[in-house]
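Chemist: Before we start, here is the structure in question, set down as structure tokens.
The values are calculated or read from the model by the stated rules, or taken from the named source; none is laboratory data. From a predicted model like this one, the values you see are computed outputs, not experimental measurements. So basically every Cβ, Gly included, is an ideal-geometry build from the backbone, and we count neighbours across all protein chains shown. The accessibility values were calculated without ligands, DNA or RNA, using every heavy atom of the protein model including side chains. Shrake-Rupley method; radii C 1.70, N 1.55, O 1.52, S 1.80 Å.
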Amino acid sequence: MPQSIPISYDRPDEILNIDSVLSAYLKNSKAQYSNLHILKEVVIKDTKIVKTTSHKDYGSLSSLSDQPDHLIPGERLKGCNSALECIKALATGMTFDNESFYVFSDYSRGKRIPAQIFVKGTPVDINYLANVDPNNIESVEIFLKDELGLINSAYNSNGAIVVNLKKAPETQKISLQDLKDLYHKEMK
């Protein structure tokens, strides 16, 4: 004969069968959480923005628009024999006549004021541009208009062509001990 469960007066709220009491709680919990959408983990990876040379690096050209009207990347000039010849062919919105570049729309209306050419922020003439190595050019920025007019009035020009050269690779510094070793080798 099974023993009867004695009544405990010390613990009146003690539950002998926990499953029967928690079943309502478990059903409710399952109903609530079954409709939730769990998002998958998102991993955000950063990409390093490579700083390229542009007209904004030169204070003398700060009055030009932030974005050029046309941009010729340096890769398009690879294989050219002469930077001048390639820029003549690729300079959209410009025409070349009488050894000068002109804004095509103004030139066709009779306004024959040449555009100013800049290399590394310095104004240069057409002969200098002819001697620039096309493989050293980072980009060519073409400005058909000068919004503030500061460049045009300063150089008596109409428009600008900015040739940005690649930055020279950073050189490694030599330590004092390496310099002493080099000096001693030459003395022997």
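Chemist: Out of everything in the range 21-52 that is open to solvent by less than 100 Å² (accessible area, probe 1.4 Å), of a type in the set (Ser, Thr, Tyr) and at pLDDT below 80, what residue ends up being farthest from Lys167 (Cα to Cα)?
Modeler: Among them, the one singled out is Ser34.
Chemist: A follow-up question, please. Determine which single condition Gly149 fails, assuming it passes every other condition in (1) under 21 Å from the mean Cα position of the chain (by Cα); (2) farther than 26 Å from Lys166 by Cβ.
Modeler: So the condition that Gly149 fails would be (1).
Chemist: So, in the range 129-181, of the ones that are of a type in the set (Asp, Glu) and open to solvent by 90 Å² or more (accessible area, probe 1.4 Å), which residue ends up nearest to Asp69 (Cα to Cα)? Give the derivation first.
Modeler: We begin by selecting, within the range 129-181, every residue of a type in the set (Asp, Glu); these are 133, 138, 141, 146-147, 170, 178, 181.
Going one step further and asking which of them are open to solvent by 90 Å² or more (accessible area, probe 1.4 Å), we end up with 147, 170.
Details: Glu147: 12, Glu170: 31 Å.
If we take residues in the range 129-181 being of a type in the set (Asp, Glu) and open to solvent by 90 Å² or more (accessible area, probe 1.4 Å), then Glu147 is nearest to Asp69 (Cα to Cα).
Chemist: Of all helices (runs of 4 or more DSSP H) completely enclosed by the range 96-168, which ones contain at least 1 residues that are without any contact (Cβ under 8 Å) to a residue 24 or more places away in the chain and over 18 Å from Ser60 (Cβ atoms)?
Modeler: Numbers: elements: 104-108, 126-130, 150-155.
Of the helices (runs of 4 or more DSSP H) lying wholly inside the range 96-168, those with at least 1 residues that are without any contact (Cβ under 8 Å) to a residue 24 or more places away in the chain and over 18 Å from Ser60 (Cβ atoms) span 104-108, 126-130.
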